[in-house]
Each structure stands twice: as C-alpha cells, then as structure tokens.
Amino acid sequence: MHHYIYLHGFASSPQSAKARDLRDRFTQLNIPLTVPDLNQGDFTYLTLTRQIQQGEAEFPPAPTPITLIGSSFGGLTAAWLGHTQPQVERLVLLAPAFGFLSHWLPRLGYEQVQQWKSAGFLPLYHYGEEKMLPISYQFAEDAAQYRETEIQRPVPTLILHGKHDQVIPIQSSIDFAKSRSWVTLIELESDHALIDKSDEIWQAIREFCQL
C-alpha cells in the first residue's frame with residue numbers, strides 16, 4: 001500500500017493551514033497522511049541534514065512505495081529524499097525552497113548575517129510557536145553544503161509555485177524543472193503561502209497521484 005508523508009515548511013508546524021487542509025482531504029479519502037513535526041522540539045538546532053534524516057526515519061519498511069509532499073523548506077527536504085531514497089516514487093513540491101540561502105541571506109543583509117555568524121544565533125519569528133525563537137548559525141553552514149544541481153534521480157515530480165512568490169521566486173522552480181524532463185511545473189496566481197489555491201492544489205495532487 002502506498003504511503004503518503006507531508007513535510008511542512010521552515011518555522012512552521014504540523015498545525016499549519018496547508019498541513020491541516022491536506023490531512024483533512026486525505027482523511028476524506030480514507031488515506032492516512034503522516035505529518036511529522038520537523039521542529040523536533042528543538043527548532044534552534046534545525047538543519048537540512050536533520051530534516052532529511054527525520055524524513056527518512058518516517059519511511060515504512062521497504063519496498064513500500066512513498067509519495068512525499070513538501071512545502072517550501074519541506075519541499076527542498078522532499079526533493080533530496082527523492083534523490084537519495086529509492087522508495088520515493090513521487091514528489092509533490094509546493095513552492096519548494098530551491099536556492100534557499102541565496103534568497104534568504106540577502107534579505108537579512110550583510111550586517112545581520114555577520115552578527116548571526118559571530119553571535120552563533122539569530123532570533124526568528126516561528127509561525128508554529130507564534131513567538132521569536134533563536135536558530136543556530138549551523139543551519140546556514142549545513143544548508144550551504146547542498147548543491148541542488150546534484151538532484152538528478154528521475155522521480156516523477158509535480159511542482160506548484162506562485163507567480164508572485166516574494167520568498168522563493170518562481171524562477172527557482174522554473175530553472176529546476178527546465179533541465180529535468182520528469183518534473184511538471186504548474187504556475188499559480190498566488191504568493192508563497194498558496195493558501196488561496198488549496199482547491200487547485202488538491203485537484204492537481206489527486207490527478208498526479210491518481211487518488
């Protein structure tokens with residue numbers, strides 16, 4: 001039986017609007033959707049490596065096929081899992097955070113990045129916890145090791161990305177899809193959150209996953 005896992009975004013939680021919406025829709029089809037908490041109660045020391053390892057730990061025993069659905073930084077995590085794990089047969093990426101550091105660090109600005117590096121921690125607003133939490137500079141150091149050009153395993157992939165995304169520009173998904181024939185990109189009239197497109201997203205997921 002096919003296994004479905006949803007990976008939420010950065011500074012988000014399993015209680016996010018997208019996570020709840022998808023869980024409800026899968027439940028209506030009597031299909032379980034696993035939604036792990038990628039914060040692990042320790043957002044401060046979150047890294048992409050830790051998320052990838054945690055995602056893998058959620059896998060059922062092989063050879064059970066898996067579809068991963070990932071939002072933003074969870075989408076980036078899903079893409080790496082799809083590259084390294086043969087059990088992953090399909091990927092659905094919602095505004096995946098390709099080039100995350102290249103978009104985020106310039107927005108922080110040089111001075112703030114240097115301050116983060118020297119202090120070791122940066123206070124960030126965590127949407128799941130609804131408060132400021134520190135994140136370790138290890139997060140940036142770890143993410144910098146990953147090169148998305150290496151993601152080359154031909155896993156059928158559906159990307160849904162908003163044309164007006166100010167967080168992760170849609171160009172990052174256009175570039176990713178361009179050189180990978182197994183990737184389908186749907187451009188939506190929306191922003192990074194994609195909250196206003198939940199019906200369209202679900203319809204695309206149902207078709208792509210043959211639910």
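Each value in this text was obtained by applying a stated rule to the coordinates, not by laboratory testing. Keep in mind that what you see is a predicted model, and the values were worked out from it rather than measured. Glycine also receives a Cβ, built like all others from the backbone with ideal geometry; neighbour counts cover every protein chain displayed.
Details
- HN-Hα J in Hz across the stretch 161-170 - Karplus 6.51, -1.76, 1.60, θ = phi - 60°, x for Gly and Pro: 9, x, 5, 10, 5, 8, 8, 10, x, 4
- The chain: most fluctuating residue of SER72, SER181, SER118 per GNM, C-alpha cutoff 10 Å: SER118
- Interchain or long-range residues, amide H under 5 Å from HIS126's placed H: LYS131, MET132, LEU133
- Pairs of lysine residues in the chain that meet both criteria, 8 or more places apart or on different chains and Cα atoms under 21 Å apart, total 5.
- For the chain, calculated [θ]222 nm from helices alone, where every DSSP H run of n ≥ 4 adds -39500 (n - 2.57): -11000 deg cm²/dmol
- Phi-derived couplings, Karplus 6.51 cos²θ - 1.76 cosθ + 1.60 at θ = phi - 60°, listed residue by residue for the stretch 92-97: 10, 10, 9, 6, x, 8 Hz, with x used for Gly and Pro.
- For the chain, the relative contact order is 21 percent, taking Cα pairs closer than 8 Å that sit 6 or more residues apart in sequence and dividing their mean separation by the residue count.
- Considering only GluC sites (Glu not before Pro) in DSSP loops that have at most 13 other Cβ atoms within 10 Å, the longest stretch of the chain without any of them is 1-128.
- Backbone amide hydrogens, once placed in the peptide plane, bring HIS3 within less than 5 Å of ILE66, THR67, excluding anything fewer than 5 places away on its chain.
- Under 5 Å, built H, 5+ apart or other chain: amide partners of ARG180: none
- Shape of the stretch 1-134, Cα gyration tensor, a/c cut at 1.5: prolate
- Per-residue HN-Hα couplings for the stretch 80-88 [Karplus 6.51, -1.76, 1.60; θ = phi - 60°; Hz; x = Gly/Pro]: 5, 5, x, 6, 9, 10, x, 5, 6
- Degrees, to the nearest 10: 198-209 long Cα axis against longest axis of the chain: 60
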